[in-house]
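Beneath this line is the structure, given in structure tokens, with notes to follow.
The values are calculated or read from the model by the stated rules, or taken from the named source; none is laboratory data. The model shown is predicted, which means the values in this text are computed figures rather than measured ones. So basically every Cβ, Gly included, is an ideal-geometry build from the backbone, and we count neighbours across all protein chains shown. Each accessible area value is taken on the protein alone, full model and side chains, heavy atoms only, with ligands, DNA and RNA left out. Shrake-Rupley method; radii C 1.70, N 1.55, O 1.52, S 1.80 Å.
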Amino acid sequence: MTKKERVLRTIDFQETDHVPLYDFLDSNSIREYFGGETITPENAWTLEYKAIRSFLDATRGIMIPTFTPYRTTDEDGFVTFHDIETSWIEKRPFDDLEGLVAFAKKDIERCTAWNPDATYIENYRRDIQTHRKGLGDDTVIIIESDVGLEDIRDKCGIELFCYLEADYPEILSEWLRVKNEKEVRRAKAIADADIVPIMLVYTDLAYKTGLIHPPAWLRKHFIPALKNLTNTYHDAGVKCLFHSDGNLWEILDDLSEAGIDGINPIETCAGMSIVEVRKKYPKLFIAGGIDVSHLLTFGTADEVHETCIQAVRDTHGMGYLMGSTTELLPTVKVENLLAMIDVAKHSQTYA
């Protein structure tokens, strides 16, 4: 069975030869283990592709590490610092609510006018084909699709976002609406189930203890936007894997009703549970569920082995893509990853 066949049968709750593995690789030690040499700027892409090809059936965010930290400044004046393992907005082109409102109005006009042209679509497809050639197999490449809220919140910063929501709710509502409509136009232009059968439709909605935003606000503004996007992908035969870290229980009914097909990453240390999600939402395929915050980082291979076996049993090895609770961080022990791979490859023994 090919990787693509395995993944597509899994998300349709059909039997496979074994549980597929899905993850986001962000670890040089893992790249070096499967690549067989020390990573350098010259061989980074070779090792990235080789590692993914070696054990993953599906992946997102194919990337190489940053070797030297650097800063970028975009056309609006946002300064982003790119560190070895992460990046963040270091400076915004505004520092108060009035400045944010002016920027939001400008961005609303820009989003309203944007349409993906032929060059955009060509570049999108070319990037996927470049990764496909580098991988040399049919690993399922999952592409990200922001509902709209994530980018707005990042641009604002959480403090100014809260002030905008409190003092200018109509501007925030309009901003989210046009951001979402922009992404819908992108989705209509790029959606192709033969090339990308699964889109990672995302917005981080929760902390470990609960939702970032009031559930009533999410139901009024975010859920309709999510449904708008999932409907668009479904029209093209593309499945939607929804991603949000944190404890989602308070809004999961609404996410399900908005048309998501799967849920990721099932952050177990935030109170999420593979077995409970499967019981309550039997039609959602699950991706993730193996704790990276503690287990894959600090646990033993035996503990990982036992946890992964339980995950297979909790899902009966159906509709489940095994993986970490978000990404394979630099702190993940290689021996723990190997234990997870071993269970996935022999999952029929445990289902």
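Might you let me know whether the stretch 296-316 holds any residue that is surrounded by 15 or more Cβ atoms within 10 Å (Cβ to Cβ), among the β-branched types (V, I, T), assigned to a loop (DSSP other than H, G, I, E, B) and at pLDDT 95 or above?
no
Tell me, which helices (runs of 4 or more DSSP H) lie completely within the stretch 29-142 with 3 or more residues that are in contact with an Asp or Glu (Cβ under 9 Å, 6 or more places away or on another chain) and over 30 Å from L296 (Cα atoms)? Talk me through it step by step, then tell me what you get.
Numbers: elements: 44-55, 97-113, 118-135.
Fully inside the stretch 29-142 and qualifying: 97-113.
Could we say that F161 is at pLDDT 95 or above, in contact with a Lys or Arg (Cβ under 6 Å, 6 or more places away or on another chain) and assigned to a helix (DSSP H, G or I) here? Before the answer, list the steps.
On the way: at pLDDT 95 or above: yes; in contact with a Lys or Arg (Cβ under 6 Å, 6 or more places away or on another chain): yes; assigned to a helix (DSSP H, G or I): yes.
So F161 fits the description; yes.
For every residue, the table says whether it meets (1) within 30 Å of L337 (Cβ to Cβ); (2) among the aliphatic types (A, V, I, L, M); (3) open to solvent by 30 Å² or more (accessible area, probe 1.4 Å).
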site	(1), (2), (3)
T86	yes, no, yes
R92	no, no, yes
D96	no, no, yes
A102	no, yes, yes
K105	no, no, yes
I108	no, yes, no
I121	no, yes, yes
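From the list A206, A189, A225, exactly one residue is in contact (Cβ under 8 Å) with a residue 60 or more places away in the chain and surrounded by fewer than 18 Cβ atoms within 10 Å (Cβ to Cβ). Which is it? Don't jump to the end; show me each part of the working.
On the way: A206 fails: surrounded by fewer than 18 Cβ atoms within 10 Å (Cβ to Cβ); A225 fails: surrounded by fewer than 18 Cβ atoms within 10 Å (Cβ to Cβ).
Sole residue among the options that is in contact (Cβ under 8 Å) with a residue 60 or more places away in the chain and surrounded by fewer than 18 Cβ atoms within 10 Å (Cβ to Cβ): A189.
Since T139 meets every condition but one in (1) hydroxyl-bearing (S, T, Y); (2) more than 24 Å from N228 (Cα to Cα); (3) out of contact with any Lys or Arg (no Cβ under 6 Å at 6 or more places or on another chain), which condition does it not meet?
Among (1) hydroxyl-bearing (S, T, Y); (2) more than 24 Å from N228 (Cα to Cα); (3) out of contact with any Lys or Arg (no Cβ under 6 Å at 6 or more places or on another chain), T139 violates only (3).
I'm trying to understand the selection: among the residues of the stretch 49-84, which are among the acidic types (D, E) and either more than 25 Å from the chain's Cα centre (by Cα) or surrounded by fewer than 16 Cβ atoms within 10 Å (Cβ to Cβ) (or both)?
At the first step, the residues of the stretch 49-84 found to be among the acidic types (D, E) are 57, 74-76, 83.
Answer for the stretch 49-84, where residues must be among the acidic types (D, E) and either more than 25 Å from the chain's Cα centre (by Cα) or surrounded by fewer than 16 Cβ atoms within 10 Å (Cβ to Cβ) (or both): D74, E75, D76, D83.
Kindly check whether there is at least one residue in the stretch 94-116 that is free of Cβ contacts under 8 Å to residues at least 60 places away in the same chain, of a type outside the set (D, E) and touching a Gly at 6+ places or on another chain (Cβ under 8 Å).
Checking the stretch 94-116: not a single residue is free of Cβ contacts under 8 Å to residues at least 60 places away in the same chain, of a type outside the set (D, E) and touching a Gly at 6+ places or on another chain (Cβ under 8 Å).
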